[in-house]
1. Which residues, taken from region 63-104, are part of a loop (DSSP other than H, G, I, E, B), open to solvent by 30 Å² or more (accessible area, probe 1.4 Å) and on the phi < 0 side of the Ramachandran plot?
2. May I ask you to say which residue of Lys111, Lys118 is under 15 Å from Tyr165 (Cα atoms) and not aromatic (Phe, Trp, Tyr)?
3. Could you tell me which residue of region 233-282 is farthest from the chain's Cα centre (by Cα), considering only residues that are of a type in the set (D, E, K, R) and assigned to a helix (DSSP H, G or I)?
4. Considering only region 124-174, state which residues are among the hydrophobic types (A, V, I, L, M, F, W, C), in a loop (DSSP other than H, G, I, E, B) and out of contact with any strand residue (DSSP E or B) (no Cβ under 6 Å at 6 or more places or on another chain).
5. Out of all the residues in region 303-319, which are among the small types (Gly, Ala, Ser) and surrounded by fewer than 15 Cβ atoms within 10 Å (Cβ to Cβ)?
6. If the Cβ limit is 6 Å and pairs must be 6+ apart or interchain, which residue in region 213-242 that is in contact (Cβ under 8 Å) with a residue 24 or more places away in the chain pairs with which residue that is hydroxyl-bearing (Ser, Thr, Tyr) and assigned to a loop (DSSP other than H, G, I, E, B)?
7. Hey, could you check region 320-332 for residues that are in contact with a helix residue (DSSP H, G or I) (Cβ under 6 Å, 6 or more places away or on another chain) and under 19 Å from Ile11 (Cα atoms) and say which is surrounded by the fewest Cβ atoms within 10 Å (Cβ to Cβ)?
Amino acid sequence: MYFFVNDYNSICYPEILDALKDSIDEKNPGYGFDYHSDKAKALIKKALGDEDVDIYFLPGGTPTNIIGATAGMRQQDSILSATTGHIEGHEAGSIEATGLKIELIESVDGKISLENLKNAYASFNTEYVTVPKKVYISNTTELGTVYKKKEIEEIYDFCKENGLYLFIDGARMAAALASDHCDYSLKDLTRMCDIFYLGGTKAGLLFGEALIVKNKDLKKDLINLIKQKGSLLAKGFVQGIMWERVFSEDDFYLRGSKVAFEMSKLLASGLVEKGYDLAYPFESNQVFLRVSANQYEKFAKIAYFEIMSEEDNEKVIRLVTTFRTSKEDVEGFLEKL
């Protein structure tokens, strides 16, 4: 059976295990106040081309989204998100559990358009509604699409004009940057938003995300918020070692995501050649297909994957590639299909 369920289905890069093993006899301070974490943060700042950021290593996507969503927010404030936003349907209400409301904006491709953002924001104009204070986008989106630079810059300009923060969920930021649909690099990111993160869990690390805070208003007391939300790791040096290893080598962070993208491109083109219909535009390491019941049964006999939606006699399924997906995996799957 072929495995296309998600992009965190293997342990990690062998180099990361080697780095952890090399440090097995060390004794380090806790909570990220250690040499490895400091070195990792310095290397990430260098890769971003920006020394004026604060960096925190958090254990996973959900706690990082909680911190990114709640930083700098009051109880009457709300977060604007696409209807398909990860924080809306995939976090078990963890954002709402902080007392903040997520207000939704319609989207057909997973992205928030400037026009829809303007229209949504204009509707919050009385004391009966929440006060939008933050815009949330994910890159890649939940539908695998990738924002263009102009799209993000337009959203961020609107945010700055209207006193809003822009938070980018970067659980799959490596997948976005590795896509040939992307027209920006790591060095552009701190100029395009107030707070974002670089995903590690879905990019070949054992676990963990690197939260990057640019806006000084969001930096104050952030470590206290992280501790309050249960996301400050006592063994923070473990993440420090991993991120130090990844950013000590040029392009290591994107290496595996580039492999994943090339394999997904091969997969998507092969499926289209066989007459299958893409449910959403192919732009990253996620391939969405619209299949009939008979087609689904054929897929299910040879591969593991996820069903994203189901209606009548039709399903939308998702096939995801990773840094460990090989050309033999993709070609073997297509041949069996």
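1. The answer is Met73, Arg74, Gln75, Gln76, Thr83, Thr84, His90.
2. Of Lys111, Lys118, the one residue that is under 15 Å from Tyr165 (Cα atoms) and not aromatic (Phe, Trp, Tyr) is Lys118.
3. Filtering region 233-282 for residues that are of a type in the set (D, E, K, R) and assigned to a helix (DSSP H, G or I), the one farthest from the chain's Cα centre (by Cα) comes out as Glu273.
4. Scanning region 124-174 gives Val129, Leu143, Val146.
5. Once the filter is applied, which keeps residues that are among the small types (Gly, Ala, Ser) and surrounded by fewer than 15 Cβ atoms within 10 Å (Cβ to Cβ), region 303-319 yields only Ser309.
6. Cβ pairs passing all conditions: Leu232/Tyr31; Gly236/Tyr31; Ile241/Ser23.
7. Per the criteria, the residue is Phe323.
To keep it simple, each residue is scored yes or no on (1) in contact (Cβ under 8 Å) with a residue 24 or more places away in the chain; (2) hydrophobic (A, V, I, L, M, F, W, C); (3) over 30 Å from Leu319 (Cβ atoms); (4) exposed (fewer than 15 other Cβ atoms within 10 Å of the Cβ).
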site: Asn9; (1), (2), (3), (4): yes, no, no, yes
site: Gly32; (1), (2), (3), (4): yes, no, yes, no
site: Ala40; (1), (2), (3), (4): yes, yes, yes, no
site: Ile44; (1), (2), (3), (4): yes, yes, yes, no
site: Asp54; (1), (2), (3), (4): yes, no, yes, no
site: Pro59; (1), (2), (3), (4): yes, no, no, no
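The values are calculated or read from the model by the stated rules, or taken from the named source; none is laboratory data. Just so you know, these numbers come straight off a predicted model, no measurement behind them. Cβ sites come from the backbone with ideal geometry, for glycine too, and all protein chains shown count toward neighbours. Please note that ligands, DNA and RNA were not included when accessible areas were found on the heavy atoms of the full protein model with its side chains. Shrake-Rupley method; radii C 1.70, N 1.55, O 1.52, S 1.80 Å.
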